[in-house]
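Undergrad: Sharing a structure below in structure tokens format, with a few things to ask.
The values are calculated or read from the model by the stated rules, or taken from the named source; none is laboratory data. Bear in mind that the values here come from a model prediction, so they are computed numbers and not experimental data. In this analysis, Cβ positions are derived from the backbone assuming ideal geometry, glycine residues included, and neighbour counts consider all displayed protein chains. These accessible areas exclude ligands, DNA and RNA; they are computed on the full protein's heavy atoms, side chains included. Shrake-Rupley method; radii C 1.70, N 1.55, O 1.52, S 1.80 Å.
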Amino acid sequence: MSKADLLFIENCSDILSGVWDTDQSVRPRWEDGTPAHTVKKFGIINRYDLSAEFPALTLRRTAFKSCIDEILWIWQKKSNNINELGSKIWNQWADENGSIGKAYGYQLGIKHRYSEGLFDQVDRVLYDLNHNPASRRIITNIYNHADLYEMGLYPCAYSLTLNVTQGKLNGILNQRSQDFLVANNWNVCQYAVLLHMFAQVSGLKAGELIHVIADAHIYDRHVPLVKELITKMPLPAPKLHINPDVSDFYKFKADDFALENYETHEFKIKIPVAV
């Protein structure tokens, strides 16, 4: 059975027994204007062995192609405009021109000067993986305080630290906040794929993804959905297929990725999203 499911069930149980924020005034609102309160666990750390299985949830289907589309939008296109994104998940944070401001892909695309030359954050990662794989400085960070006031949404998953050990590429993803039902496995799948991408174009194997979540929360209207979901029995994890012919990070396309034997439980309930 999928280890990602087991971690998800364990995490949800921990969060549900956590602390409610009903004693505070909160920013998020439901579509009807009602404050969206949460129950939370502060500080969750999950480890996913990508060499053993791909961590897609089977308790309910994760929209894999949309995950890929967004991670390519951020890390490959380095875009901050929703007109270059296939899904509508960023629409509520975009302006009339489709921009989400100086957020996400915009930050990754800013060039910085290093002793070896001028790089943006993605190109610096690619350079180090190929030239300095023993480096303990392979880090990206998009939580730029100088630009926060010009972002449609402050970055949630904001920092990635990479490390090469015995030919395997390992990563630590830091996330300040997570709507657990909506976004947990979405983010896990995205960064698992990203590690596989970086590994493939650098002659490495994907190793371990460590996911650190500061404020892991479940919204009040999601509680009954989560309680129902975690009663289901996990199914076997799918296998990730990546086009083996791609050797350039910027040549990957959404169609180069597929989940083989991805079986999930049925979950047709539309999940409300607080904004």
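Undergrad: Could you list the chymotrypsin sites (Phe, Trp or Tyr not before Pro) in region 112-186 that lie in coil according to DSSP, counting only those with at most 10 other Cβ atoms within 10 Å of their Cβ?
TA: Details: sites: Tyr114, Phe119, Tyr127, Tyr143, Tyr149, Tyr158, Phe180, Trp186; in loops: Tyr143.
Sparse-neighbourhood loop chymotrypsin sites (Phe, Trp or Tyr not before Pro): none present.
Undergrad: Could you report region 138-217's accessible area per residue, 1.4 Å probe, as an integer in Å²?
TA: Details: 2670 Å² over 80 residues.
That works out to 33 Å² per residue.
Undergrad: Another question, if that's okay. Lys102: which lysines have alpha carbons under 19 Å from its alpha carbon, excluding same-chain residues fewer than 8 sequence positions away?
TA: Of all the lysines, those that pass the test against Lys102 - Cα under 19 Å, at least 8 places apart if same chain - are Lys77, Lys78, Lys88, Lys111.
Undergrad: Assuming 1.002 mPa s and 20 °C, estimate D for the chain with Stokes-Einstein, Rh taken as the Kirkwood radius over Cα pairs, in µm²/s.
TA: On the way: Rh = 19.5 Å.
Reported coefficient: 110 µm²/s.
Undergrad: Let me ask you something else. With a ≥ b ≥ c taken as the square roots of the eigenvalues of the C-alpha gyration tensor of region 35-104, please select rounded if a/c is under 1.5 and otherwise prolate if a/b is larger than b/c or oblate if it is not?
TA: Values: a/c = 2.05, a/b = 1.38, b/c = 1.49.
The shape class here is oblate.
Undergrad: Give me the distance between the Cα centres of region 220-275 and region 133-210, rounded to whole Å.
TA: Here the answer is 18 Å between Cα centres.
Undergrad: Let me ask something else about it. Using θ = phi - 60° and the Karplus form 6.51 cos²θ - 1.76 cosθ + 1.60, what ³J(HN,Hα) does each residue of region 93-104 get, whole Hz, x for Gly and Pro?
TA: Values per residue, Gly and Pro as x: 10, 9, 8, 5, 9, x, 8, 9, x, 7, 10, 6 Hz.
Undergrad: Using the Kirkwood radius over C-alpha pairs as Rh, can you work out the diffusion coefficient of region 216-275 via Stokes-Einstein at 10 °C, viscosity 1.306 mPa s, in µm² per second? Walk me through the numbers before you get to the answer.
TA: On the way: Rh = 15.1 Å.
D, rounded to a whole number, is 105 µm²/s.
Undergrad: Take the solvent-accessible surface of the protein heavy atoms, probe 1.4 Å, and return the percent of it on the chain that carbon and sulfur atoms account for. Don't skip to the end; give the middle numbers.
TA: Numbers: 6680 of 13440 Å².
The C+S portion of the solvent-accessible surface of the chain is 50 percent.
Undergrad: Where in the chain are the helices, taken as whole DSSP H runs, whose Cα atoms extend 27 angstrom or more along the long axis and whose Kyte-Doolittle mean reaches at least -0.5? Could you put the intermediate results ahead of the total?
TA: Working: long enough: 180-201 (32 Å, 0.94).
Both cut-offs are met by 180-201.
Undergrad: Counting Lys +1, Arg +1, Asp -1, Glu -1, what net charge surrounds Val164 among other residues with beta carbon under 13 Å of its beta carbon? List each step's numbers first, then the result.
TA: On the way: positive: Arg136, Arg137, Lys168, Lys205; negative: Asp128, Glu208.
Neighbourhood net charge equals +2.
Undergrad: On to the next question. Explain nothing, just the number: dipole magnitude of the chain about its Cα centre with +1 on each Lys and Arg Cβ and -1 on each Asp and Glu Cβ, in debye rounded to the nearest 20.
TA: With only Lys, Arg, Asp and Glu charged at Cβ, the dipole is about 300 debye.
Undergrad: Determine ³J(HN,Hα), in whole Hz, for all residues of region 259-275 in sequence, where each value follows from phi through the Karplus function 6.51 cos²θ - 1.76 cosθ + 1.60 and θ = phi - 60°; x replaces Gly and Pro.
TA: 9, 8, 6, 8, 10, 9, 6, 6, 8, 9, 6, 6, 8, x, 10, 7, 10
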